1. Would you work out the relative contact order for the chain, in percent, from Cα pairs under 8 angstrom that are 6 or more residues apart?
2. What's the magnitude of the charge dipole for the chain around its Cα centre, counting Lys and Arg as +1 and Asp and Glu as -1 at the beta-carbon? Answer in Debye, nearest 20.
3. By its C-alpha gyration tensor, with a ≥ b ≥ c as the square roots of the eigenvalues, how is segment 1-74 shaped: rounded for a/c under 1.5, else prolate for a/b larger than b/c, else oblate?
4. Using modelled amide H (1.01 Å from N, peptide plane; none on Pro or chain starts), what sits under 5 Å from the amide H of Ile97, excluding residues fewer than 5 places away?
5. In the neighborhood of Glu62, defined by Cβ-to-Cβ distances under 13 Å, what is the net charge if each Lys or Arg adds +1 and each Asp or Glu adds -1?
6. Out of segment 1-66, which chymotrypsin sites (Phe, Trp or Tyr not before Pro) are coil in DSSP terms and have no more than 12 other C-beta atoms within 10 Å?
7. Is segment 1-42 rounded, prolate or oblate when judged by the Cα gyration tensor, a ≥ b ≥ c being the square roots of its eigenvalues, rounded requiring a/c under 1.5 and prolate requiring a/b larger than b/c?
8. Go through (i) -0.26, -1.02, -1.32; (ii) -0.38, -1.05, -1.28; (iii) -0.44, -1.15, -1.31 and flag the label whose value is the computed log10 I(q)/I(0) by the Debye sum over Cα atoms at q = 0.09, 0.18, 0.21 Å⁻¹ for this structure.
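The values are calculated or read from the model by the stated rules, or taken from the named source; none is laboratory data. Just so we're clear, the structure is a prediction, and the values are computed from it rather than from any experiment. Cβ placement follows ideal geometry from the backbone for every residue including glycine, while neighbour counts extend to all protein chains displayed. Note: accessible area is taken over every heavy atom of the protein model, side chains too, but ligands, DNA and RNA are not part of it. Shrake-Rupley method; radii C 1.70, N 1.55, O 1.52, S 1.80 Å.
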Amino acid sequence: MTHPIDIAILRLPHGEGLPLPAYATDGAAGMDVVAAETLELAPGARHAVATGFAMAIPDGYEVQVRPRSGLALKHGITCLNAPGTIDCDYRGEVKVILANLGDQPFPIARGDRIAQLVPAPVQKAVFTQVDSLDDTRRGTGGFGSTGQ
């Protein structure tokens, strides 16, 4: 098992009394994060839901924002641009962009679990322009080219 990284977290005034992100089980990869506001998400609607905290992610890491599988399956609630990335130099409030892909309005109460956060290392890259690329078996075959 790898050692956990330390992430400084700042509770904002409207986040008082809410639990900080936490793992629900010993084997969980993501930490549950809760809403710091109450709203109703209409079918087809999206909203950046406040969490009531900001954080300082260590250099060389990001925190990914991912949907909760139960909300997705049971209600059609997902995170847009998933996984979303919180960069190590961002210090504003963490917000979760939720979308209702279901056919019923979905109520969100303050304190409801709405997403999960997964810290991850970041690998930087440098692009080098070339005149041609090496050949592969797949070649330029795109979407669906390797089968169903």
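1. 29 percent
2. Around 340 debye, computed over the chain.
3. Taking the square roots of the gyration eigenvalues as a ≥ b ≥ c, segment 1-74 is oblate.
4. Counting only residues 5 or more places away or on other chains, the set is Val49, Leu80.
5. On the way: positive: Arg66, Lys124; negative: Asp59, Asp87, Asp89.
My count for the surroundings of Glu62 gives -1.
6. Details: sites: Tyr23, Phe53, Tyr61; in loops: none.
Sparse-neighbourhood loop chymotrypsin sites (Phe, Trp or Tyr not before Pro): none present.
7. Numbers: a/c = 3.14, a/b = 1.60, b/c = 1.97.
Because a/c hits 1.5 or more and a/b fails to exceed b/c, segment 1-42 counts as oblate.
8. (ii)
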